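Below you'll find the structure, written out as structure tokens, and then a few comments.
The values are calculated or read from the model by the stated rules, or taken from the named source; none is laboratory data. Bear in mind that the values here come from a model prediction, so they are computed numbers and not experimental data. Cβ sites come from the backbone with ideal geometry, for glycine too, and all protein chains shown count toward neighbours.
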Amino acid sequence: MLGNYFYHQIIRKTVIAFGTLFNDIHVQHDDNAGNVISDIKVPIAYGPRQKFLARITQQAELNKATQITLPRMSFEITNISYDSTRKAGITQTFKARDTNNQQLKKVFMPVPYNLGFDLNILVKQQDDGLQILEQILPFFQPGFTLSIDLVKSIGEKRDIPMILNSISQQDDYEGDFSTRRALIYTLSFTAKTFMFGHIAKTPEGLIRKVQLDYYSDSNTRTAKRVQRYTVVPKAKKDYNEDSVIDTADEPFIEPGDDFGFTETSTFFGDSKDFAPNRGVDV
């Protein structure tokens, strides 16, 4: 089980999908006549809230283009937990086609996990924060579903709900009038994703071939082989869904399936022997 390397990048893909949801938020400022005088695209980056707060408090001027400015957003993973409410049978499998060679593969059911996210909105003005909130909240009731290509090799796409759990506000305005102010809105989310394990190239756990050679004498070093008897499983249903039951279905037979046998007898008049390590007669 453990020791087979695989990396589907599922957590990474979920993080990217979550951040992409909020990468086109804008804040506008109007003059007294109601004319738009500025339109700011709110930047977003992955990282803890404390990192950006430290940058803010250590700067003398927040409006310089070369320094960090507000408003901005940050997000980060807060926890990863198993979701027993979405648990499937540990032995359940399904068939999937390899996107490269179109071969069917046996895949075990994925394991449900919840990824916790915090989206932090940092602003100087209350109205900026409200503008950002109103561009986000209407889409979460309380969830918003994204389609994510979790395992590209088998084309496994899943709808992943992003659930908005709570909203909190924090005002870091403390001290005298020279102290910098940072209003922080924190939105907590849960992404209900799935973790896939190692995907085997072929189904395992079933003896695929039995081969028996008969010799003319008990001393196989000097005796000549006479006959070879071979048995392989024979499919009784169309595993690869090509409307034909043939030898192409045999690699997908699983333990517990109803299958038959194909028996073959071959007669020899040579003095060769079968080399198991090479798989050929020598």
*Among the residues of region 7-35, which ones are under 21 Å from Val111 (Cβ atoms) and small (Gly, Ala, Ser)?*
Ala17
*Six or more apart or on different chains, Cβ under 7 Å: which pairs go from a residue in region 233-248 that's of a type in the set (S, T, N, Q) to one that's in a helix (DSSP H, G or I)? Could you list them?*
Asn240/Ala248; Asn240/Asp249; Asn240/Phe252
*For region 219-272, name all the residues that are of a type in the set (S, T, N, Q) and not in a loop (DSSP other than H, G, I, E, B).*
Gln227, Thr230, Thr247, Thr262, Thr264, Ser265, Thr266
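If we keep just the residues of region 106-158 that are among the polar types (S, T, N, Q) and closer than 14 Å to Ala17 by Cα, which is farthest from the chain's Cα centre (by Cα)?
Thr145
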*Take Asn114 and decide whether it is exposed (fewer than 12 other Cβ atoms within 10 Å of the Cβ) and in a strand (DSSP E or B).*
no
_All positions within region 119-136 that are of a type outside the set (S, T, N, Q), out of contact with any Lys or Arg (no Cβ under 7 Å at 6 or more places or on another chain) and surrounded by 19 or more Cβ atoms within 10 Å (Cβ to Cβ)_ = Leu119, Ile121, Val123, Asp128, Gly129, Ile132, Ile136
_So Leu150, is it at pLDDT 95 or above, surrounded by 15 or more Cβ atoms within 10 Å (Cβ to Cβ) and part of a strand (DSSP E or B)_ = no
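Quickly run through region 243-272 and pick out the residues that are touching a helix residue (DSSP H, G or I) at 6+ places or on another chain (Cβ under 9 Å) and over 20 Å from Thr93 (Cβ atoms).
Initial filter on region 243-272 (touching a helix residue (DSSP H, G or I) at 6+ places or on another chain (Cβ under 9 Å)): 259, 262.
Listed by number, the list holds a single entry, Thr262.
Kindly indicate whether any position in region 114-123 is closer than 30 Å to Asn240 by Cα, in the same structural domain as Ile90 (by TED's automatic domain parsing) and charged (D, E, K, R). Talk me through it step by step, then tell me what you get.
In the first step, residues of region 114-123 are kept if they are closer than 30 Å to Asn240 by Cα; the result is none.
No: zero hits.
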*Residues of region 15-49 being of a type in the set (S, T, N, Q) and farther than 20 Å from Gln126 by Cα, which ones?*
Thr20, Asn23
